[in-house]
Amino acid sequence: MPPEAPVMSNTEIADRLASLAQLLSIQNENPYKVKAYKRAAAGIRAMSESVDQLVRNKRDLTAYAGIGEAISNAIREIVLTGNLEKLEKLRSEISPELIGISAYPRLDPKQVLRIYKKLGISSVDALRESLENGAIARMLGPRMEQHVRQGLTETHAILLSRAHDLRLAVEEFLLGKAAARRVEAVGDYRRRVEVIEEMGFIVETSNFAALVAKIESYGGRTPLVEATKTTATFALPAGVSLRVDAATRKNWGLSLVRCTGSQAHLRKLATVTGSLAALEAKGPFPTEEALYSKFGLSFIEPELREGYDEVKRAAQGNLPVLVTVNDLCGELHAHSTSSDGSDSIEQMAIAARDRGYQYIGITDHSQSLKIARGVSIEALWRQIRLIDNLNSRLSGIRILKAAEVDILVNGALDYPDDLLRELDYTVCSIHSQFNLENKQQTNRILRAMDNRYFNILGHATGRRLLKRPGYEIDIEPIIAHAKQNGCFFEINSSPERLDLSAGKARLARAAGGKIAVSTDAHSTRELDTIRNGIEQARRAGLEKTSILNCLPWPNLMGLFKR
């Protein structure tokens, strides 16, 4: 009998699936198959159970989300043989340059080959050197530099939206297999920072050393990076760090405060409370409310603990009442099958009604965006009539006539004014010519805002978190021009956009502007991503009075008329 393959961690299994997805992409394999392998790899990284152990115990892997029969068979082959024949076959058929790239499954091989050709290099070592000496940024721009840096980094960040599932898995493991009495997520995650590099938890346990030892078995194998008597840091299969701090029931609230706030927040808080470390002996502080009350402070929501003016305002008792999902009256940025959405206008409207919304704006892409099946002028006229018909027979929901209108390179809008006049409002966005220099890109938006039919600036910087930094603009003059012209901004809830950033949303709010929190949904399912945008709005300190779609349509309609 062949020797039994060594035990594999979830990371090792996920890396092989991700490498297979990468090589399938090079061969122009069905993109849905590529995405399926990528999703399965991401899901395995987040699992607390050992996939290796599941396979050896002959568990049904298809019971887990994202794992179908074909992927289940691939996982079993990896675990039981230590290899994946299909992956090795693909590696044998590709060039030496691509073999090197395949060891880094987060790199896009087509983009890396473009870099190789541009810089005259042919190895990952040379790629790394070109990254560090700035050649990639100089020759191919900051977005390509960010992609390469992310792809070559061993421990990497994850989007906040992915961290939600990871938090649940780690919390379940700590309470179950690690026998913690009490667990709570802290740090960047609790503040809802948009990109997470470290997942932090405080735990109550009678044996911290035993808990630390148990965590090393998380996901099959999770290496311990460093540990003291009261804290430990691990390298999670998901690629981010895990930090666990011991806390007592007596001072649970103090530990929550100390482990949640940013360093800037904690410094400002200490000017009121004195040294937070010294408070350990002055408790008890079983809750955060007990600590804040002790020093005459209102409770500061975790999302606000960034070191702006929240401590001062807590002392004055005038902190904002942060917006919630329940405050929303409708959705202002959604797509249908008329452009690149996957559900019809009627299906989107019914889904919005089922969420309790009063209205939904259908903002299909405009004519110039061919890649997204942009809607022609004639087709938009037909869509306007279709929406009128739907509104006449659908009860409990109003469909708003709108469009996501491209801002052309000269600042013109992508539809003629006589058509724009018939819409209830517009979301105006940049989808091309990202490489314009700062002044040109800024002026492009300023000119667009001069059109009286410009209402909301969609995903203002065009960024894709962990993929591209976005185009260069000066946000301050854009905010001032928007205020002058009666234009508004959007927080786009797409988990990889969250654009505006919390910082820029704060600036817009400070200038008195209102902001839409929108999903940019391309399906009924994506309406659920509104949670992401609301979390971003809360980090920006926004109340419902600052949110456009917290207004009923009759009130909102007047704001859109310029």
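The values are calculated or read from the model by the stated rules, or taken from the named source; none is laboratory data. Treat the numbers as computed from the prediction; the structure is a model and nothing was measured. Cβ: placed from backbone, ideal geometry, glycine included. Neighbour counts: every protein chain shown. Keep in mind that these areas ignore ligands, DNA and RNA; they rest on the heavy atoms of the full protein, side chains included. Shrake-Rupley method; radii C 1.70, N 1.55, O 1.52, S 1.80 Å.
Does the stretch 151-288 classify as rounded, prolate or oblate by the C-alpha gyration tensor (a ≥ b ≥ c root eigenvalues; a/c under 1.5 gives rounded; else a/b over b/c gives prolate, otherwise oblate)? It is oblate, given that a/c is not under 1.5 and a/b is not larger than b/c. Using the 1.4 Å probe convention, the accessible area of the stretch 105-212 works out to 46 Å² per residue with neighbouring protein chains retained.
By the rule of a C-alpha distance below 18 Å, with chain neighbours fewer than 8 residues away ignored, the aspartates and glutamates paired with LYS483 are ASP450, ASP474.
Per the Kirkwood treatment, what hydrodynamic radius in Å, one decimal, follows for the stretch 275-380 from the mean inverse distance over all distinct Cα pairs? It is 18.2 Å.
Relative to the compact-globule estimate of 2.2 N^0.38 Å, the Cα radius of gyration of the stretch 137-180 comes out at 1.82.
Computed over the Cα atoms of the chain, the ratio of the radius of gyration to the Kirkwood radius (Rg/Rh) comes to 0.99. From most to least packed by mean Cβ count within 10 Å, the peptides 536-549, 26-39 give 536-549, 26-39.
Label zone (ARG76, point 7 Å along Cα-to-C-beta; backbone nitrogen cut-off 19 Å) within the stretch 31-61: 37, 40-41, 44, 50-61.
With the simple model of a label 7 Å out from the Cα in the direction of the Cβ, ASN389 to SER275 spans 7.5 nm. Multiplying the residue separation of ASP450 and LYS282 by 0.36 nm and removing their Cα-Cα distance gives an extension gain of 54.5 nm. Note on GLU132/ALA511: beta-carbon distance plugged into 1/(1 + (r/R0)^6) with R0 of 51 Å gives a FRET efficiency of 0.80. Under 18 Å from a label point set 7 Å out along the Cα-to-Cβ vector of ALA65, the amide N atoms of the stretch 218-255 belong to 219, 237-239. In this structure the stretch 436-545 gives 35 Å² per residue of accessible area when probed at 1.4 Å with all protein chains present.
Sorting the segments 491-501, 520-530, 95-105, 236-246 by their mean number of nearby beta carbons within 10 angstrom, highest to lowest, gives 491-501, 236-246, 520-530, 95-105. When Rg and the Kirkwood radius Rh are both evaluated on Cα atoms of the stretch 216-282, their ratio Rg/Rh stands at 1.07.
So which of LYS214/LYS294; LYS33/LYS214; LYS38/LYS89; LYS268/LYS504 end up more than 27 Å apart, counting from Cα to Cα? Among LYS214/LYS294; LYS33/LYS214; LYS38/LYS89; LYS268/LYS504, the Cα-Cα distance tops 27 Å for LYS214/LYS294; LYS33/LYS214.
Full extension of the chain between GLU85 and GLN263 yields a length gain of 59.2 nm, computed as 0.36 nm times the residue separation minus the alpha carbon distance. Quote the relative contact order of the stretch 213-355 in percent (integer), defining contacts as alpha-carbon pairs under 8 Å separated by 6+ residues. Result for the stretch 213-355 is 15 percent. Per residue of the chain, the DSSP helices (runs of n ≥ 4 H) give a summed -39500 (n - 2.57) that works out to -13000 deg cm²/dmol at 222 nm. Here the accessible area of the chain is 50 percent carbon and sulfur, with a 1.4 angstrom probe and all protein chains present.
Pull up the cross-link candidates among the lysines for LYS401, meaning alpha carbon to alpha carbon under 16 Å and not fewer than 8 places away within one chain. Filter leaves LYS561. The residues of the stretch 2-47 have, on average, 48 Å² of accessible surface per residue, using a 1.4 Å probe with all protein chains present. Take every DSSP beta bridge whose two residues both sit in the chain; close to 40 percent of them are antiparallel.
Estimated from the Cβ-Cβ distance and a Förster radius of 22 angstrom, the FRET efficiency linking GLU216 and ALA179 is about 0.90. Between LYS110 and SER293, the contour length at 0.36 nm per residue exceeds the alpha carbon distance by 60.2 nm.
On the beta carbon distance between GLU422 and ASP354, with R0 = 35 Å, the FRET formula returns roughly 0.80.
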